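Here is the structure we will look at.
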Amino acid sequence: MIEISGVHKSFGPIEVLKGIDLTVEAGTVTVILGPSGSGKSTLLRCINRLEKVNSGTVRVDGELIGYEQRGNRLHELSERRILQQRVGIGFVFQNFNLFPHLTALQNVAEARHSALRKTKSQAYEKAHELLALVDLWDRAGAYPRQLSGGQQQRVAIARALALEPKLILFDEPTSALDPELVGEVLDVLRDLARAGTTMIVVTHEIGFAREVADTVVFMDSGRIVEQGTPAQVLDHPRHERTRAFLSKVLV
Amino acid sequence: MSVLTPPRQAAAAGDTDGDLVVVPARHPWRWAGTALVLVLLAQLVHGLVTNPGWDWGTFAGYFLEKSVVDALLLTVGLTVAGAVLGFLGGIPLAAMRLSANPVLSGVAWTFIWVFRSVPLLVQLLFWANLGYLYESLQIGIPFGPGFSFPTVSLIGSFGAALLGLALHEAAYAGEVIRAGLLSVDQGQHEAATALGIPRWRQFYRIVLPQAMRAILPNAANLLIMLLKSTSMVYVLAIGELFYQVQVIYGRNGRVVPLLMVATVWYVILTALLSILQFYVERHFARGAVRTLPPTPFQRLKAALRK
């Protein structure tokens, strides 16, 4: 469903991704682990083209992201077409990035109306449903600054769901939260996984990975070191680098 | 915790902390300062009332006189037209300066550099004398045929005044708007683009309302400066407020009371703009603060309820 092949990405002289190949099947949860600076977030941002890749391709449901293939040439798509492609790919940020001047309800409804071209009333109706899904039906009129971190992240997840995406990318969704708020966000992720949502999650929550992931991918310095089921990667890592990382995380 | 606290000695007056009375701290120097300021204020008011030089009778006679009110309306008109044209020009200037295209950003930078450099007074005189430089202006194909108009009839003194004010205002407005757009967090752009929101909608629904918080105080400053800058167009013999009071005191020699007529009108207009600024800023503060500051009206109601 998602095929990433030969992705390289550099920021100036620093090569952050050094050739990534990864396939994610529809309806599965992939958790990406790795030390900071290993390129996990950059990989995620290359999938929905928040970052332009230097070489390599990303395909979602066979559709090339950011380019159009004509013969053996890749033509860069216009920004308008890339925006349309992003509608199919949800993205949840570490810092939530909710729109502070819009209420929770307006945050969720906005893109459904303007990007998915639903009428306003349809968008708001669905937004109410989604807020109920993340257990925030009573906070629809609140502005993000009036919500706790965990509540804000749940609104952000509802906002991503409003586009009915084929795939949702989570970039360290619990890293900015107080420890006691992490659970409520992971609960929502668990529900989504159970409902068969295709998800790629960058996280440091090993327990969550063990419980929910179908595939665990371990990255280090711009490469995928190993991948497999949680049991394979977390309990019987084959590489020294993975063992070293896990021994530090699993205290 | 209570286990660690030693048993408290029963106070002489009351048995529990609930009976204790809070005595507010005294601020004697605050009272002394207040008294001093009030005395100085009283002296000022006394001087304004008793000094015959202010000639309040003449002031009252001309304050609402027809020629003065007409001139006032022209001043307001120049301010509104200058502000609208200036901010309409400022939006593309800001967008061009933020553009990745070096030609666009270079042209915008140069425009702003030039029109912030030339004093408004010099600019006004320059535009008024444009006919000396170009006898006719032509609209049509660049370097090709077109319709031509004599410059003097196309740009009268009023046109020159408006052109000068608008270009001057646009250069400053461009920078004010750019500052506002830069103040919006990068994460907001990313979130909007990740949601696939169309480009134009990203700008006016997500970025601009947040930028307004930073734009408004500076824009209000600019507007108030423009209001007073309109007094400079008197050099083009346009009958705005300042020109008109000069004409009157040139006739009757009552300089001070007539300058006060213009001054008080400028003060009133600035007060109106400041009130407008408060409410517009409050509107755009939604979401940026947990609770909005109360309006003076709400504060008064709250005070009366006590």
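The values are calculated or read from the model by the stated rules, or taken from the named source; none is laboratory data. Because the structure is predicted, anything quoted here is derived from the model rather than measured. Cβ placement follows ideal geometry from the backbone for every residue including glycine, while neighbour counts extend to all protein chains displayed.
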* **Of the criteria (1) more than 23 Å from B:Phe115 (Cα to Cα); (2) of a type in the set (Ser, Thr, Tyr); (3) surrounded by 16 or more Cβ atoms within 10 Å (Cβ to Cβ), which one B:Ser148 fails** => (3)
* Subset of the range A:147-162 [surrounded by 21 or more Cβ atoms within 10 Å (Cβ to Cβ) and not small (Gly, Ala, Ser)] -> A:Gln151, A:Gln152, A:Gln153, A:Arg154, A:Val155, A:Ile157, A:Arg159, A:Leu161
* Only one of B:Val267, B:Val256 that is free of Cβ contacts under 8 Å to residues at least 12 places away in the same chain and either over 22 Å from the mean Cα position of the chain (by Cα) or farther than 28 Å from B:Gln188 by Cα (or both) -> B:Val267
* To do: Report yes if some residue within the range B:171-182 is assigned to a helix (DSSP H, G or I) and within 14 Å of chain A (Cβ to nearest Cβ); otherwise report no.
  => yes
* Asked: Hey, does the range B:132-155 have a residue that's under 28 Å from the mean Cα position of the chain (by Cα), modelled with pLDDT under 90 and not in a loop (DSSP other than H, G, I, E, B)?
  -> no
* Of the residues A:Arg190, A:Arg210, A:Arg194, which is over 22 Å from A:Val134 (Cα atoms) and either more than 14 Å from chain B (Cβ to nearest Cβ) or hydroxyl-bearing (Ser, Thr, Tyr) (or both)? -> A:Arg210
* Quickly run through the range A:26-43 and pick out the residues that are in contact (Cβ under 8 Å) with a residue 24 or more places away in the chain and more than 15 Å from the chain's Cα centre (by Cα). => A:Gly34, A:Pro35, A:Gly37, A:Ser38
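Let me confirm something: among A:Gln84, A:Gln106, A:Gln153, which residue is within 14 Å of chain B (Cβ to nearest Cβ) and either at positive phi or touching a residue at least 40 places away in the same chain (Cβ under 8 Å) (or both)?
A:Gln153
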* So B:Ala161, is it assigned by TED's automatic domain parsing to the domain that holds B:Leu88, within 30 Å of B:Leu241 (Cα to Cα) and modelled with pLDDT under 95 -> yes
* Asked: Which of the helices (runs of 4 or more DSSP H) contained wholly in the range B:199-300 include at least 3 residues that are within 14 Å of chain A (Cβ to nearest Cβ)?
  -> B:208-229, B:255-284
* Structure fact -> In the range A:2-21, anything out of contact with any helix residue (DSSP H, G or I) (no Cβ under 8 Å at 6 or more places or on another chain) and closer than 20 Å to A:Gln85 by Cβ is listed as A:Glu3, A:Ser5, A:Gly6
* Taking the condition within 28 Å of B:Val122 (Cβ to Cβ) and touching a Pro at 6+ places or on another chain (Cβ under 9 Å), does B:Tyr234 pass? -> no
* To do: Return the total of residues in the range A:111-129 being touching a residue at least 40 places away in the same chain (Cβ under 8 Å) and more than 7 Å from every other protein chain (Cβ to nearest Cβ).
  => 2
